[in-house]
1. Note the direction-averaged projected area, equal to a quarter of the hull surface, for the Cα convex hull of the range 171-256, in nm².
2. Report the full-extension gain for the segment residue 4 to residue 16: residue separation times 0.36 nm, less the Cα-Cα distance, to one decimal in nm.
3. Using only Cα atoms, figure out Rg for the range 1-44 and give it as a multiple of 2.2 N^0.38 Å.
4. Using the per-residue mean of other Cβ atoms lying within 10 Å as a proxy for protection, in what order, highest first, do the peptides 142-151, 10-19 fall?
5. Evaluate the Debye formula for the chain with equal point scatterers sitting on the alpha carbons, no solvent, and hand back log10 of I(q)/I(0) at q = 0.13, 0.15 Å⁻¹, in q order, two decimals.
6. Treat every Asp and Glu Cβ in the range 1-44 as -1 and every Lys and Arg Cβ as +1, leave all other atoms uncharged, and give the resulting dipole magnitude about the Cα centre to the nearest 20 debye.
7. Please determine, in degrees from 0 to 90 and to the nearest 10, the orientation of helix 23-43 with respect to the longest principal axis defined by the Cα atoms of the chain, where the helix direction is its Cα long axis.
8. Going by alpha carbons, how many degrees (0 to 90, nearest 10) lie between the helix axis of 80-92 and the longest principal axis of the chain?
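Quick note: the coordinates plus some simple rules give every number you see, no bench work behind them. Not measured: the values here are computed from a predicted model. Here the Cβ is made from the backbone with ideal geometry for all residues, glycine too, and neighbour counts use every protein chain on show.
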Amino acid sequence: MTTEFTTRITEAVVDSLDGTADPRLRELLAALTRHLHAFVREAEPTTAEWEQAIAFLTATGRACTDTRQEFVLLSDVLGVSMLVETINSGRRDGRDERNDERDESAEGDESAEGDESDGRGGVTESTVLGPFHMTESPVRELGADIDLVGDGEPCVISGRVLSKDGTPLPGAVLDVWQANPEGYYDVQQPDVQPPGNGRGLFTADAEGRFWFRTCVPSPYPIPTDGPVGDLLRATARHPYRPAHIHFIVSAEGHTPVTTHIFVAGSDHLDSDAVFAVKESLVQDFTETDDPSQARRFGIRNPFRHAHFDLVLDATDTAGARDPERA
């Protein structure tokens, strides 16, 4: 009787959605209902555990502010953000991620042999947005220094924004942000860091080139003073992210990409707390001792230099559904 009832209640809830005008909303709610009910049937939570889960989600909502998104952080540490991004990345390339997973399962390890590309025909791979992106980043000239405090190891970031066929994309816009050497974003320390520290909105030149000065990023822990931190402690997980710089790159006629550039050799590359590392996004930050180059970039010598291309896919070859916030 109990098994019959638990099956019937799932069917009843799904059937109650039949009047939903938006077919996609109906599809999403039906799938959510089926999977949530399946979880309850499998895990059989007690009433006390259910109440604890509700309290956790309530606390997560209360931890959200204008400058902190605890629900995004929760999605990140559960791997949901990367899963959503990876699925939508496949759509942008006109691929079906579900078919890819089935193909990989059928082919086994041989499918990866000899393939050192990013798997997307040279297009820069995407990764999570993270909880500290700000929609209004300060506009800066090429070559500007986004390290407004100047207490980190000096670094130059340079490269080109290209279309998938190798054509430079003049006027491409790069939204850049990173934490300070202690691992904090400006919005986390409004009384310590000047507004806009570690952030900049740059426009590529006529040849698609970009360059700016900053400090070498450091590994840092995600915020652990809220419910997500409690979850990490309860599961004996560390909160650290490898050193990285965030980018959102966009250009007319091309699909934007939200990505990171990770520092080669950084700690936690193989255990990122939000599961966001992709091998193609790991770059060398080369030690450079060259006074003439330092003068050219307007940076103190010696310094680190990372140079790489950011490659976008033309819109007409992208998938039909655009991802949110990408």
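1. Averaged projected area of the range 171-256's Cα convex hull equals 7.5 nm².
2. Answer, rounded to one decimal: 2.5 nm.
3. 1.22
4. Sorting 142-151, 10-19 by mean packing, highest first, produces 142-151, 10-19.
5. Values returned for q = 0.13, 0.15 Å⁻¹ are -1.10, -1.36.
6. 80
7. 70
8. Helix 80-92 and the main axis of the chain meet at about 70 degrees.
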